[in-house]
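Everything below concerns the one structure shown next.
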């Protein structure tokens, strides 16, 4: 069930009061509802100083099922939120990957960042459920003409100690004025560096940058 929210209209009356979880069962025409205050899962990799209440952010256009545009402190931003429990592992992994890149880039302060700026952790009633990233202006997705730029960014990801895990062309944001200010995004599939996987990832760039099916594009 990839979109459980579609079943919301069929739910029975939702109980009032304070609760965190509701279990609904059905036996023929009879429905049974049980609620509890069991704690909800959240992101455990917390490394940034900033915490932003997700309910204080305006909700903009959806980019993927977990990512949407917003405004933070007057600037365009992207919030990535675990809407359901099964979204937590990928947001957790991406949060960890950003912490790795952040640690690596402290040693290269004179270089443009590999990734969009990490603005902070998103919270809901104190529970960390997502991340907030800077939204870059004047960028486009990569094409085969940007092969050298993409190779350089993937190599830097490898130097940071990671395998990106999904180098489709929509995960590269190419700056229209200065390609050196481009970046790579969507680190939810990142993993620890492996030499063989690194070689294969670089070799895959030609096919990824010539891909025309729209895979990885997100919502249009």
Of all residues in region 55-84, how many are more than 15 Å from the chain's Cα centre (by Cα) and within 17 Å of residue 127 (Cβ to Cβ)?
3
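Being exposed (fewer than 12 other Cβ atoms within 10 Å of the Cβ), in a loop (DSSP other than H, G, I, E, B) and under 32 Å from the mean Cα position of the chain (by Cα) is the filter here, so list the residues in region 18-28 that pass it.
So the first thing to find is which residues in region 18-28 are exposed (fewer than 12 other Cβ atoms within 10 Å of the Cβ), and the list is 18, 23, 25-28.
Add one more test, that the residue is in a loop (DSSP other than H, G, I, E, B), and what stays is 18, 28.
Once the filter is applied, which keeps residues that are exposed (fewer than 12 other Cβ atoms within 10 Å of the Cβ), in a loop (DSSP other than H, G, I, E, B) and under 32 Å from the mean Cα position of the chain (by Cα), region 18-28 yields only 18.
Hey, can you tell me all the residues within region 29-43 that are exposed (fewer than 12 other Cβ atoms within 10 Å of the Cβ) and either in a strand (DSSP E or B) or modelled with pLDDT of 75 or more (or both)? Full working, then the answer.
Residues of region 29-43 exposed (fewer than 12 other Cβ atoms within 10 Å of the Cβ): 29-30, 32, 34, 36-39.
Within region 29-43, 30, 32, 34, 36, 37, 38, 39 qualify.
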Can you name the condition, by its number, that residue 189 falls short on among (1) outside the structural domain of residue 97 (by the TED database); (2) buried (at least 17 other Cβ atoms within 10 Å of the Cβ); (3) assigned to a loop (DSSP other than H, G, I, E, B)?
(2)
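Residue under question is residue 128, and the condition is that it be buried (at least 20 other Cβ atoms within 10 Å of the Cβ), part of a strand (DSSP E or B) and in the same structural domain as residue 57 (by the TED database); does it hold? Write out each step before concluding.
On the way: buried (at least 20 other Cβ atoms within 10 Å of the Cβ): yes; part of a strand (DSSP E or B): yes; in the same structural domain as residue 57 (by the TED database): yes.
So residue 128 fits the description; yes.
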Hits in region 177-204 (condition: over 21 Å from the mean Cα position of the chain (by Cα), over 20 Å from residue 96 (Cα atoms) and touching a residue at least 12 places away in the same chain (Cβ under 8 Å))
177, 179, 180, 202, 204
Return the pairs, sorted by first residue and then second, in which the second residue is part of a loop (DSSP other than H, G, I, E, B) and at pLDDT below 75, the first residue lies in region 17-32 and is not assigned by the TED database to the domain that holds residue 85, the beta carbons are less than 7 Å apart, and the residues are 6+ apart or on different chains.
24/11; 24/12; 31/12
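Only residues that are assigned to a loop (DSSP other than H, G, I, E, B) and either without any contact (Cβ under 8 Å) to a residue 12 or more places away in the chain or in contact with a helix residue (DSSP H, G or I) (Cβ under 6 Å, 6 or more places away or on another chain) (or both): list them for region 131-142, please.
We begin by selecting, within region 131-142, every residue assigned to a loop (DSSP other than H, G, I, E, B); these are 135-138, 142.
The one that is assigned to a loop (DSSP other than H, G, I, E, B) and either without any contact (Cβ under 8 Å) to a residue 12 or more places away in the chain or in contact with a helix residue (DSSP H, G or I) (Cβ under 6 Å, 6 or more places away or on another chain) (or both): 142.
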Of all residues in region 192-220, which are under 13 Å from residue 144 (Cα atoms) and not in a helix (DSSP H, G or I)?
204, 210, 211, 212
For residue 93, the lone unmet condition from (1) modelled with pLDDT of 95 or more; (2) touching a helix residue (DSSP H, G or I) at 6+ places or on another chain (Cβ under 8 Å); (3) closer than 19 Å to residue 157 by Cα is (2)
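The values are calculated or read from the model by the stated rules, or taken from the named source; none is laboratory data. Everything numeric here is computed off the predicted structure, so don't read it as measured data. Neighbour counts run over all protein chains shown; Cβ positions are idealised from the backbone, glycine included.
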